Amino acid sequence: MSGLLEVQGVSKRFGGLTAVREVDFTMAEGELVGLIGPNGAGKTTLFSLLSGFLHPDEGRIRFADIDLDGLTPERRCRLGLTRTFQLVKPFANMTVEENVMVGAFVRVGTPRAARAEASRILALTGLASLARSRAGTLPVEQRKRLEVARALATRPRLLLLDEVFAGLNPTEINGMVAFLETLHAERMTLLVIEHVMAVIMRVSERIVVLHHGEKIAEGAPAEVVRNRRVVDAYLGEEFALA
Amino acid sequence: MIFVELVLAGLMLGGVYALISIGLTLIFGVLRVVNFAHGEMLMLGMFAAYWASTLGGLPPYVTAVAALPLFALFGWLVYRLIVRRTLGMGDVVQIFATVGVGVVLQNAALVLWTGDFRTIRSGYADAVLRVGGIQVSVPLLVAFAVAIGVSGLLFLFLNRTLEGRAVRAVAQDPISALALAIDTDRVYMRTFVLGVCCVGLAGVLLAPSYPIFPAIGLSFGLVSYVVVVLGGLGSMAGALLGGFVIGLIEVLSGYFLGTALKQAIYFLIFVLVLLVRPQGLFGQRGAETMGFGKIA
Amino acid sequence: MTSTRPAVLLVVVLGLMALPLTTSNDYYLDIIVQIFLWGAAATAWNLLGGYAGQFSLGHAAFFGIGAYTSSLLLTGARVSPWLGMLAGALLAALFALVIGYLSIRLRGPFFTLSTIALTEVLQILAIHWRGLTGGSEGVSLPNAASVWTMTFDGRRTYAYVGLGFLLLAVLVSWLIERSRWGYYLVAIREEEDAARSIGVPVLGVKLGAAALSACLTAVVGTFYAQYVLWIEPAHTFSIDISIQLALMVIIGGLGTLLGPLIGASLIIPLNMFLRAWLGAAVSGLYLVIYGLVLVLVVLYARAGIVAEVQRVMRRHPVPRQSPA
């Protein structure tokens, strides 16, 4: 049974600390999977492993039947695996449009084609009115959108979204949720790290829970919420699991 | 026998290189600043020894102590006026601020003291210790001893005192250190001053053994970068070990290959380290790829 | 990342073409030649330093490689400097690729450190390999004016040749600015990790920029050799050249098309003026001033003087007259 993404026994250690411990899971094309866990669970580390910024000490990662071992992040993006960053990294001295164009260039060759593609994406993500603004001047919500828009321009098959909801107010959250659901409807595969529980429960088909680097639960949101180990892991944390 | 002498000379030179580099690696480890003016600061230390000797008849090991307050003041000024304003401001600012300082120092020295080669003429400078048929230069021996001593003191300071632990805390995680009410600005300032004192001291100790002229900062500066890269940026043990390795290599290659190719050897080492183990002997993986980020 | 308007460029180019005609005084013409020469070299440096954000303090190495390659080929094998220039450019590109590949993972100051070493080594080689390079005495080039040997009678002609090189460098920068490569360069400068995550081929882009920058710098080095007609290691492979290039671009505006030229046109006349005023005897003083300027600009006006002036003007706009 091969899925779009296969993570097999992946581990990563930093000195004495095991950040990710023998994590296994699979994703099929078109799924929207949530990745949750308390602080320090290893979620972002896992993203870095999937996207090629870190190399696993053990295990294999296969994407579209290709072993990703040794492939650079750029290469993985070309293959269709793109990630965003928890602390967003806009190209501050470029305009919003130019930011997205950089992403588009992985698929098209000329600035004209990239500009056209960027316009399309900006309209999609509601950033069209800001096209000529310098990215460095944007407030948080727009920066997050830009981060997603830029990633979208690379036409990913699998998009790794790292805490896109953090710092957003309820209206903005609804907007972003609607947007994710649109992407999902268009059969884009999404792996979403999120802390804002209410959102992730709403949006995900399936949830993977990490704790101290290990996968402790996996399943539909309703099941996961009732899972003893998951509840224990979150006791003492600020979150309500409803 | 000559081989033993070479090894000894190499180790002692290595001790001095270590002393020079300790300042550099300390400043980098805590402030995340690469001091591009490091060689020029060494040069000032050498001139301090020269003038103290020529004008005041002070032998270098006296100047070493007497000049420390001067070095500290100088370091404080450079920190307050310049380095402090480069923190968190990105690559351009950090690199070129200290590059600029280096240019000013080197050329101010040129204007004030001309490019003439000067040497300290004193009994001390030529003193040699003879032990069982082996000759050892006394100034270099003293420099070596001081290097070990300073390293030891710094080690104790960083690991056994509260202030030292504060320094290490800031080095590891400035933001958390702030949260613990550690005055990071003061730590930065003191560390920078400490680093400058180390390199100034090294200059004074080296002065008897080398010709003194403004451009000498460049070659020594280069050596200290190689030592620090070899030893691992931010690692004191690395600076020490790296210093010894480079010192040995320099003396041995100087003997076998001639002085001309000595500097080419540094470059070779630099290249090899980058290729094979870019974090150096003891450095943290990734330190060299960090650059200097923007905080805002 | 706005591309400079063609209209502005046209005006500037026309102005530059007219400049050598405004004077017959050799002293002033020399200044003009130097502005074009160093403006071209600074523009080349800007490709790597300004657009890509990789600050090299080793460009004197490429400059020297260009100067020495064409000069040695001319004096040793009677090869025209026009061809020697190409050989020099190729050699410089090769060095840049090797150094670039080694330093590829180094960021910020560590990259800069690695570039410093190269110049030093080349200077030492040039001094000690006397059989090839004539050692510290350097290489003297024949004085006889001939287009074939890139040697000219009047400074005005040199000025136009120099202008040609400057326009070449500016043209290359302009084309890159508007191309995919240009976007990639700036992306890498701004946020290298984010760039990688969206598919920017960082290795190729950086190496390409380094090689191109090295090529252009070497080409200017050849022109320099043919202008001064004598090159030697201490001045040609000197870190002061590298620092000067960086200073010009920082003052004029990193990553802008005309910034390097603006910086050159400020620094070169300043240079000449200081030398005349302070006298050749006080040889280091103007460099002390450079160093101070560098520190001040970088701390207080790091977008470049032009950008700062624009910023101040925007806050205090010139009042318009009300329509009649």
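The values are calculated or read from the model by the stated rules, or taken from the named source; none is laboratory data. As the structure is a computational prediction, the values presented were derived from the model and not from experiment. Don't worry about glycine lacking a Cβ; one is built from the backbone with ideal geometry, like all the others, and counts go over all protein chains shown.
If you go through the range A:1-37 and pick out every residue that is of a type in the set (A, V, I, L, M), within 25 Å of residue A:231 (Cα to Cα) and touching a residue at least 12 places away in the same chain (Cβ under 8 Å), you end up with 10.
Test of understanding: among C:115, C:75, which residue is closer than 30 Å to residue B:280 by Cα and either crowded, with 22+ Cβ neighbours inside 10 Å or out of contact with any Cys (no Cβ under 9 Å at 6 or more places or on another chain) (or both)? Before the answer, list the steps.
On the way: C:75 fails: closer than 30 Å to residue B:280 by Cα.
Just a single option satisfies the conditions, and that option is C:115.
The condition of being within 12 Å of another protein chain (Cβ to nearest Cβ), farther than 20 Å from residue A:184 by Cα, in contact (Cβ under 8 Å) with a residue 24 or more places away in the chain and more than 20 Å from the chain's Cα centre (by Cα) does not hold for residue A:113.
The test for being more than 7 Å from every other protein chain (Cβ to nearest Cβ) and at pLDDT below 95 holds for residue B:87.
Checking the conditions here, which among C:131, C:108, C:154 is surrounded by fewer than 17 Cβ atoms within 10 Å (Cβ to Cβ), within 14 Å of chain B (Cβ to nearest Cβ) and small (Gly, Ala, Ser)? Spell out the reasoning first.
On the way: C:108 fails: surrounded by fewer than 17 Cβ atoms within 10 Å (Cβ to Cβ); C:154 fails: within 14 Å of chain B (Cβ to nearest Cβ).
None of the others qualify; the one that does is C:131.
Per the listing A:106, A:100, the residue uniquely within 20 Å of the chain's Cα centre (by Cα) and facing chain C (nearest Cβ under 7 Å) is A:106. Of the residues making up the range C:111-126, those that are at the interface with another protein chain (Cβ under 8 Å from one of its Cβ atoms) and among the aliphatic types (A, V, I, L, M) are C:113, C:116, C:117, C:118, C:121, C:124, C:125.
Scanning the range B:188-225 for residues that are touching a Phe, Trp or Tyr at 6+ places or on another chain (Cβ under 9 Å), within 14 Å of chain C (Cβ to nearest Cβ) and of a type in the set (A, V, I, L, M) returns B:216, B:222, B:223. Summed over the range C:190-210, the residues that are in contact with a Gly (Cβ under 7 Å, 6 or more places away or on another chain), farther than 19 Å from residue A:52 by Cα and facing chain A (nearest Cβ under 7 Å) give a count of 0. The numbered conditions (1) in contact with a Lys or Arg (Cβ under 9 Å, 6 or more places away or on another chain); (2) under 30 Å from residue A:201 (Cβ atoms) are all true for residue A:85 except (1).
The set of residues in the range C:293-312 that are within 10 Å of chain B (Cβ to nearest Cβ), surrounded by 15 or more Cβ atoms within 10 Å (Cβ to Cβ) and either among the hydroxyl-bearing types (Ser, Thr, Tyr) or part of a helix (DSSP H, G or I) (or both) comprises C:293, C:294, C:295, C:297, C:298, C:299.
Can you spot a residue in the range C:266-283 that is within 14 Å of chain A (Cβ to nearest Cβ), part of a helix (DSSP H, G or I) and either farther than 30 Å from residue B:109 by Cβ or of a type in the set (S, T, N, Q) (or both)?
If we filter the range C:266-283 for residues that are within 14 Å of chain A (Cβ to nearest Cβ), which is where we start, we get none.
Checked the range C:266-283: no residue is within 14 Å of chain A (Cβ to nearest Cβ), part of a helix (DSSP H, G or I) and either farther than 30 Å from residue B:109 by Cβ or of a type in the set (S, T, N, Q) (or both).
Of the residues making up the range C:49-70, those that are within 14 Å of chain B (Cβ to nearest Cβ) and aliphatic (A, V, I, L, M) are C:52, C:57, C:60, C:61.
Residues in the range A:47-77 that are within 16 Å of the chain's Cα centre (by Cα) and touching a residue at least 60 places away in the same chain (Cβ under 8 Å): A:47, A:50, A:51, A:63, A:77. Please go through (1) modelled with pLDDT of 85 or more; (2) touching a Gly at 6+ places or on another chain (Cβ under 9 Å) for residue B:97 and return the number of the only condition it doesn't satisfy. Single failed check for residue B:97: (2). What number of residues in the range C:205-240 are surrounded by fewer than 24 Cβ atoms within 10 Å (Cβ to Cβ), touching a Phe, Trp or Tyr at 6+ places or on another chain (Cβ under 6 Å) and among the hydrophobic types (A, V, I, L, M, F, W, C)? Total meeting the criteria: 1.
Does residue C:178 qualify as being of a type outside the set (Asp, Glu) and within 14 Å of chain A (Cβ to nearest Cβ)? Answer is yes for this residue.
When C:254, C:216 are checked against the criterion of being in contact (Cβ under 8 Å) with a residue 60 or more places away in the chain and within 14 Å of chain A (Cβ to nearest Cβ), C:254 stands alone in meeting it.
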